[in-house]
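Colleague: Take a look at the following structure, please.
Just so it is clear, none of the values below were taken in a lab; they were calculated from the coordinates. Please read these numbers as outputs of a predicted model, since none were measured by experiment. When we count neighbours, we look across all protein chains shown, and the Cβ atoms used for this are built from the backbone with ideal geometry, even at glycine.
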Amino acid sequence: MKKKIFIIISSFNFLLFLSGSSLIKNTTSDDYGWFQVTPIDTTLESIHDLFFFNSDTGYVIGWTRYGGGLRRTIGKTLNGGLSWDTTMSKKDVQSDIICFINAQIGIAGAGVLFRTIDSGKTWNKVFVDPVDFDRAAFANDHIGWVVGGFGTIIKTTDAGATWFYQRSEAIDTLGRFLGLSVIDSLNLYVCSQLQLIFSADGGDTWKNVPIPEQYASRFGDTKFIDKDYGWLCGEYRTVIRTTDGGNTWQDASPPVYWDAIRSIDALDKNTAVVVTSAGAILRTENAGETWKEQLPANTYTNMLHRIQIIDDKVAYAVGNDGAILKTTTGGYTSVDDDKGKVTGYSLKQNFPNPFNSQTKITFTIPKSECVSVALYNIQGEVVQQIIDEERSAGEHSLEIYSDNLPSGVYFLRMIAGLFSKSIKVVLLK
């Protein structure tokens, strides 16, 4: 039996940590490299969205329950969160999203879409829809999209002054679009909890991007670097990655956990950052081969909604408890001696799959212990014992050769301590 074993040592040159409200844990910025900026309103229950032009200038939108309804507050900062102007928070501007085209023109909305042409001093109603809006993005100074519930997609071609629906048989009208990734004026991706769609003509027509059954999840966000290379993420910290516009997908998930990924941003094709519904943040610098959990769940806040990376040093994130978080060091702390530490168990889908002569799997363990990896046929018989030996904490990769195995469906099972997971592999000769 042939087998090659590779140990992968990951290098994390840029670390991101998210903090949150001190209602959960009173921790200083020295602990995580992130700090809470001046709150815009201490009564806010959630900051739902953000839009920053640069490290100093940006907007956030938050809400709190008030008189049987919700009171939204829009905050603007010109000094990186040291102070906020909330004078543009009119009672009739009900908003869960905020997005700007330039320093003067922007939109905000939550079913009713408002537009400003004077940097948020005044807002005018430009579109009404009974559903909630979830994401907005512009391709240039004129063209942009807003997506939301019941498969709603609306588009503007005049800098947000007017909007029109874009519909297609490919759109699941029962789904809620939560993710929007605009590449340019023609190419964009939109994801709902159960669907990813793509348009190459500015939204005039759409096609459904197939997702393999083994990666099925309730998706929450998507991020594409270009029309071919992108990420899709969702429940149980599911992350999948494509390099060919969704024709094929690779598992790029961190270790499974109970929370869902709420938002993703990326610096390049290798580096992506995700925040979760339990207030955790994870980062990869090798296209999802390994992930670093930079902040455990529920450390500061019980939910993070959005993250925006400005550059390799500055980033902002927002979430529950009115949290507005910032780093100016790329997440580095004065003492950062925990790089690359694995905090959980995982077994990733083999790649390639299906395979011919050889394929590779990657697994992680948080402590040194005996690990068994074996290949079973559909009758449940062991046809190849890959390893059954002590392994050190960290990430390990195994290259598996098919040898004399016939074509067919097999199951690869990993056991380490109380952890056990199986994946389906397909051999085609």
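Colleague: Would you mind ranking W258, W291, W84 by Cβ crowding within 10 Å, fewest neighbours first?
Modeller: Starting with the residue having the fewest Cβ neighbours, the order is W258, W84, W291.
Colleague: Would you mind computing, in nm to one decimal, how far apart the modelled labels at V126 and Y376 are, each placed 7 Å from Cα along Cα→Cβ?
Modeller: Taking the simple label geometry, V126 and Y376 are separated by 5.7 nm.
Colleague: While we're looking at this one, here's another question. Just subtract the alpha-carbon distance of V383 and S422 from 0.36 nm times their residue separation and send over the number in nm, one decimal.
Modeller: 12.6 nm
Colleague: If the chain between N140 and L267 were fully stretched, how many nm would it gain, using 0.36 nm times the residue separation less the Cα-Cα distance?
Modeller: Gain in length upon complete extension: 43.7 nm.
Colleague: As a footprinting exposure proxy, order K76, K125 by other Cβ within 10 Å, with the fewest listed first.
Modeller: So the ranking, lowest neighbour count to highest, is K125, K76.
Colleague: Cross-link list K269/K326; K292/K348; K292/K367; K207/K269; K367/K421; K125/K207: which exceed 26 angstrom alpha carbon to alpha carbon?
Modeller: Too far apart for the 26 Å limit: K125/K207.
Colleague: I need to check one value: relative contact order of the chain, counting alpha carbon pairs closer than 8 Å and at least 6 residues apart, in percent.
Modeller: Reported relative contact order: 15 percent.
Colleague: Charges at C-beta only: +1 for Lys and Arg, -1 for Asp and Glu. How large is the resulting dipole of the chain about its Cα centre, in Debye rounded to 20?
Modeller: 440 debye
Colleague: Sticking with this structure for a sec: What is the order of V425, V112, fewest Cβ neighbours within 10 Å to most?
Modeller: Going from sparsest to densest Cβ surroundings: V112, V425.
Colleague: Run the helix sum for the chain: -39,500 (n - 2.57) per DSSP H stretch of 4+ residues, divided by residue count, reported at 222 nm to the nearest 500 deg cm²/dmol.
Modeller: Rounded to the nearest 500, it is 0 deg cm²/dmol.
Colleague: Residues with beta-carbon under 13 Å from that of L188, excluding L188: net charge, scoring Lys, Arg +1 and Asp, Glu -1?
Modeller: +1
Colleague: With a 10 Å cut-off between alpha carbons and a GNM built on the chain, which of L70, L232, L50 moves the most?
Modeller: L70
Colleague: Could I ask something else about it? Identify which of E293, E213, E235 has the largest mean-square fluctuation in a Gaussian network model of the chain, with springs joining Cα atoms closer than 10 Å.
Modeller: With Cα springs under 10 Å in the chain, the top fluctuation among E293, E213, E235 is at E213.
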